[in-house]
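Asker: Have a look at the structure that comes next, please.
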Ligand code: T3D
């Protein structure tokens with residue numbers, strides 16, 4: 001069954017998931033939440049997928065919660081059932097996830113980008129910690145990711161004022177990896193994704209190491225590194241890399 005609010009495409013090892021409610025700047029209603037979570041699970045299960053791109057249809061990336069679609073349910077249920085589920089899926093999937101922030105990313109839409117592993121912004125894109133503007137608090141991991149990425153005081157400034165952060169400001173703060181001119185945006189995203197899709201199986205474990213490294217002790221990190229290095233050294237990709245080195249050629253990784 002095709003999705004109503006998500007476009008899902010797999011080609012050349014790259015899965016592109018596009019939030020597709022452009023008339024609402026891709027704000028999350030229940031259908032989008034459910035389909036987005038399902039799409040992430042599908043990408044995780046598909047062995048041919050080596051990297052995932054998340055982007056938005058139209059001129060926005062994602063405007064966070066659809067403010068017309070909240071209804072009378074306890075908000076904690078929406079946050080726990082939907083937002084927390086896709087944040088955890090983005091972080092635990094052992095494949096690199098690239099946020100292609102094509103336009104404004106507000107509230108939980110900004111959190112979505114921050115939860116990804118790499119972030120490319122169009123020069124026209126904006127981040128807005130919009131929660132405070134509607135009397136709410138940061139969610140979907142914003143209070144976890146922001147201070148870790150940019151430090152406590154800067155994170156508090158963004159969260160307390162909810163001002164627009166331009167792509168260049170985001171780059172200077174360390175909220176994104178790269179800013180692309182509008183005309184070069186799709187090509188840049190495609191090139192980064194293609195590089196990721198050509199990478200070795202170890203990429204998934206690098207992601208796991210860095211995610212856990214943010215939380216655990218040095219001793220635990222060293223042990224995880226030993227465990228992962230053992231696993232990585234046994235992969236076909238590591239064997240291929242050594243052969244390629246000895247044969248003085250580029251390795252051809254298969255993700256296994
Ligand atoms: O309640 C819970 O479930 C808890 C969870 C909360 C998580 C959150 O994300 S809270 C934060 C929610 N998001 C916002 O507060 C952002 C609201 N949107 C805006 O402030 C602005 O739209 C933007 C700054 C993002 C963009 O401004 P602009 O001028 O480029 O576009 P626009 O004209 O405001 O929006 C275009 C259309 O999208 C417009 O519809 P219309 O008038 O053309 O029919 C607008 O109403 C709609 N839209 C934008 N954001 C949302 C939205 N509709 C519903 N919900 C939205 N969040």
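Bear in mind these aren't lab numbers, they're just calculated from the coordinates by the rules spelled out. Computed from a predicted model, the values in this text were never measured in an experiment. With ideal geometry, Cβ positions are generated from the backbone for all residues, glycine too; neighbour counts draw on all protein chains shown.
Asker: Using only the alpha-carbon atoms, how far is helix 185-197 inclined from the longest principal axis of the chain? Give it as 0 to 90 degrees, nearest 10.
Answerer: Around 40 degrees separate the two axes.
Asker: So which residue, out of 227, 144, 83, gets the largest mean-square fluctuation from a GNM of the chain using Cα contacts under 10 Å as springs?
Answerer: 227
Asker: Note the angle between two axes, namely the Cα long axis of helix 30-45 and the longest principal axis of the Cα atoms of the chain, as a number of degrees from 0 to 90, rounded to the nearest 10.
Answerer: 0
Asker: For the chain, modelled as a Gaussian network with Cα springs under 10 Å, which listed residue fluctuates most, 74, 200, 138?
Answerer: 74
Asker: So if we plug the beta-carbon distance of residue 76 and residue 195 into 1/(1 + (r/R0)^6) with R0 = 30 Å, what FRET efficiency do we get, rounded to 0.05?
Answerer: The calculated FRET efficiency here is 0.15.
Asker: Within the range 73-113, name every residue whose backbone N is under 16 Å away from a label modeled 7 Å from Cα of residue 186 along the Cβ vector.
Answerer: Zone members listed by number: 100-103.
Asker: From largest to smallest, what semi-axes in whole angstrom does the chain give when each is the square root of 5 times an eigenvalue of its alpha carbon gyration tensor?
Answerer: Largest first, the chain gives 31, 21, 19 Å.
Asker: Can you tell me the 0 to 90 degree angle between the C-alpha axis of helix 202-213 and the longest principal axis of the chain, rounded to 10?
Answerer: Around 50 degrees separate the two axes.
Asker: Treat each spin label as a single point 7 Å out from the Cα along the C-beta direction, and report the residue 31 to residue 243 distance in nm.
Answerer: Between residue 31 and residue 243, the simple spin-label model gives 4.9 nm.
Asker: Just to compare against my own numbers: the Cα pair-distance distribution for the range 189-249, 5 Å bins, whole % per bin, please.
Answerer: Final binned percentages: 4, 16, 19, 20, 17, 14, 7, 2, 0.
Asker: Between residue 154 and residue 137, 0.36 nm times their residue separation minus their Cα-Cα distance comes to what?
Answerer: Here the segment from residue 154 to residue 137 would lengthen by 4.5 nm.
Asker: What percent antiparallel are the DSSP beta bridges of the chain, to the nearest 5?
Answerer: Rounded to the nearest five, the antiparallel share is 30 percent.
Asker: What is the distance in Å between the Cα centres of the range 111-151 and the range 45-80?
Answerer: Cα centroid to Cα centroid, the span is 13 Å.
Asker: Starting from the Cα of residue 42, move 7 Å in the Cα-to-Cβ direction to define the label point; list residues of the range 16-34 whose amide nitrogen is under 11 Å from there.
Answerer: 16-18
Asker: For 82, 28, which order do you get if you count the other beta carbons within 10 Å of each Cβ and list the fewest first?
Answerer: Fewest to most other Cβ atoms nearby, the residues stand as 82, 28.
Asker: Looking only at 243, 31, 18, which one moves most when the chain is put into a Gaussian network model with springs between Cα atoms under 10 Å?
Answerer: Looking only at 243, 31, 18, the biggest GNM fluctuation is shown by 243.
Asker: Tell me, what is the percent relative contact order of the chain, built from C-alpha pairs under 8 Å that lie six or more residues apart?
Answerer: Relative contact order here is 16 percent.
Asker: Would you work out the relative contact order for the range 126-207, in percent, from Cα pairs under 8 angstrom that are 6 or more residues apart?
Answerer: Computed value for the range 126-207: 29 percent relative contact order.
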